[in-house]
1. Go over the candidates Glu65, Glu57 one by one and state the one that is in a helix (DSSP H, G or I), over 60 Å from the mean Cα position of the chain (by Cα), modelled with pLDDT under 70 and of a type in the set (D, E, K, R).
2. If you scan the range 119-128, which residues turn out to be in a loop (DSSP other than H, G, I, E, B), within 16 Å of Ser99 (Cβ to Cβ) and open to solvent by 10 Å² or more (accessible area, probe 1.4 Å)?
3. Under the condition of being at pLDDT 75 or above and surrounded by fewer than 13 Cβ atoms within 10 Å (Cβ to Cβ), which residue from the range 20-48 is nearest to the chain's Cα centre (by Cα)?
4. Can you tell me which residue in the range 147-165 is modelled with the highest pLDDT, limited to those that are out of contact with any Phe, Trp or Tyr (no Cβ under 8 Å at 6 or more places or on another chain) and surrounded by 15 or more Cβ atoms within 10 Å (Cβ to Cβ)?
5. Residue under question is Leu421, and the condition is that it be open to solvent by less than 40 Å² (accessible area, probe 1.4 Å), at pLDDT below 90 and not hydroxyl-bearing (Ser, Thr, Tyr); does it hold?
6. Looking only at the range 69-116, which residues are open to solvent by less than 60 Å² (accessible area, probe 1.4 Å), assigned to a loop (DSSP other than H, G, I, E, B) and within 16 Å of Ile43 (Cβ to Cβ)?
7. Using beta carbons and a limit of 7 Å, which pairs, at least six apart or on different chains, have the first residue in the range 340-351 and touching a residue at least 60 places away in the same chain (Cβ under 8 Å) and the second one assigned to a strand (DSSP E or B) and surrounded by 19 or more Cβ atoms within 10 Å (Cβ to Cβ)?
8. Going through the range 166-177 one residue at a time, which ones are surrounded by 15 or more Cβ atoms within 10 Å (Cβ to Cβ) and of a type in the set (A, V, I, L, M, F, W, C)?
Amino acid sequence: MRLLPKSAFGQTVLLIGMLLLINQIVSYLSVTYYFIRPNYQQINNLLATQIKLVFIEDRNHFDPELNRRFFAATGIRVYTQRQAIIKGLEQGIHYPYLSKKMSEKLGGEAEVRITPGDPYLFWVRPPQNPNLWITIPMSGAGEPDISPLTIYLLVIGILSVAGGWIFVRRLNRPLKALQEAALLVGRGQVPSPIPKEGSTELMAVTQAFNQMAKGIKQLEDDRALLTAGISHDLRTPLTRIRLATEMLPDSQEWIKEGIVHDIEDMNEIIDQFIDYVRQDQQEKLQEGDINALIKEAVQARNIEEDHNIQLNLAPLPWCMIRRVALKRVLDNLIENAFRYGSNDIEITSSFLKKEKQLCFAIRDFGPGIPEEQMERLFVPFTQGDKARGSLGSGLGLAIIKRIVEMHGGNVTLANHPQGGLIATVVIAYQAVS
């Protein structure tokens with residue numbers, strides 16, 4: 001389970017949130033220790049002074065007339081334990097912190113209780129006479145209301161996080177556009193110029209990327225034009241050679257067959273060059289069923305009696321694909337399986353719902369290929385193991401790789417544990433709109 005975000009957007013928002021949380025805690029503690037506690041201490045000192053006043057020498061605490069006059073002057077009353085209970089002592093809330101501080105001020109164990117009201121009534125049992133309770137009224141000195149502070153800190157925190165989120169999102173938008181454009185370039189497609197927005201650094205990077213994409217497009221166009229020109233120029237002399245070969249006498253039939261076979265191989269190699277350069281970019285995405293494409297490819301192979309194809313297809317959803325391009329992938333992989341593997345092959349398909357991917361695999365029952373050769377087989381002009389009888393230009397798998405990457409997927413080769421080679425194609429599922 002991943003707890004920390006990996007994207008710059010998530011990390012920045014998390015950092016802002018953590019800093020704000022620390023700031024809120026420090027602010028809360030600062031108000032508590034530098035505002036609320038001094039206020040409590042001031043109240044405690046005032047109460048202690050008044051308690052000491054009550055216990056001045058030669059004062060009779062049980063003289064009603066003296067108590068009445070003392071109350072009229074200070075608002076302070078002195079009760080016995082029984083009287084205090086009758087007057088509401090048990091409704092008072094005990095405060096350990098104030099009791100501790102009062103004990104320190106009066107030099108002995110004291111107890112402080114507070115009865116909420118207007119004014120608040122402080123009950124103090126002094127160490128000078130534990131059988132007495134002294135009540136001292138005090139306006140505005142009860143439990144401090146810290147809810148406005150809490151609301152203020154909460155609102156400031158929400159506004160700060162929201163502001164940071166908006167800022168980071170604005171910063172992240174051009175980066176997201178660059179990422180999507182880079183993925184298109186990786187698939188062999190040239191994206192439209194990206195609008196320049198954001199900070200000056202991001203605008204400079206965007207401009208450099210647009211120039212790079214423009215240069216790649218120019219290189220691809222030049223390469224396509226060059227390859228098409230060379231292919232056209234090669235076909236003209238090959239056609240003349242083919243015509244000249246047809247005029248050879250019957251006694252030289254064996255020479256004629258060899259030349260015709262070589263010309264057909266050269267034409268096939270030229271077609272592969274054109275397919276590799278073209279990359280099937282001109283074909284538009286359309287609704288399609290990969291299982292239907294597989295069945296079409298198998299139907300075309302049924303004319304060969306010595307070839308046998310076993311199908312094991314799972315239900316697949318319709319998606320947006322390049323039908324002709326994917327059919328070329330299927331035809332090429334099936335041809336390779338028969339040519340280099342065995343006369344019996346197996347084709348399977350599946351839908352990886354969680355990963356949103358479509359998958360199909362073609363397995364032969366031949367000798368397989370060495371593990372160290374698998375990756376380099378996808379490099380253009382690379383031929384496989386001679387033991388499998390590799391022929392041609394070495395562009396077949398490179399073309400397949402480009403087509404699959406255009407569909408946001410990948411193609412892999414692996415030796416099957418029970419023998420043979422299995423080619424697996426995985427493409428991104430693009431739902432039909």
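1. Glu65
2. Pro127, Gln128, listed by residue number.
3. Filtering the range 20-48 for residues that are at pLDDT 75 or above and surrounded by fewer than 13 Cβ atoms within 10 Å (Cβ to Cβ), the one nearest to the chain's Cα centre (by Cα) comes out as Leu21.
4. Trp165
5. no
6. Correct list: Gly75, Ile76, Gly92, Tyr95, Ala110.
7. Gly341/Asp364; Gly341/Leu421; Ser342/Asp364; Phe351/Leu358
8. Residues satisfying the conditions are Val168, Leu171, Leu175, Ala177.
The values are calculated or read from the model by the stated rules, or taken from the named source; none is laboratory data. Just so it is clear, the model here is predicted, and its values are computed rather than measured. All Cβ positions, glycine included, derive from the backbone under ideal geometry; neighbour counts span all protein chains shown. Side chains are part of the model used for accessible areas, which takes the heavy atoms of the whole protein and leaves out ligands, DNA and RNA. Shrake-Rupley method; radii C 1.70, N 1.55, O 1.52, S 1.80 Å.
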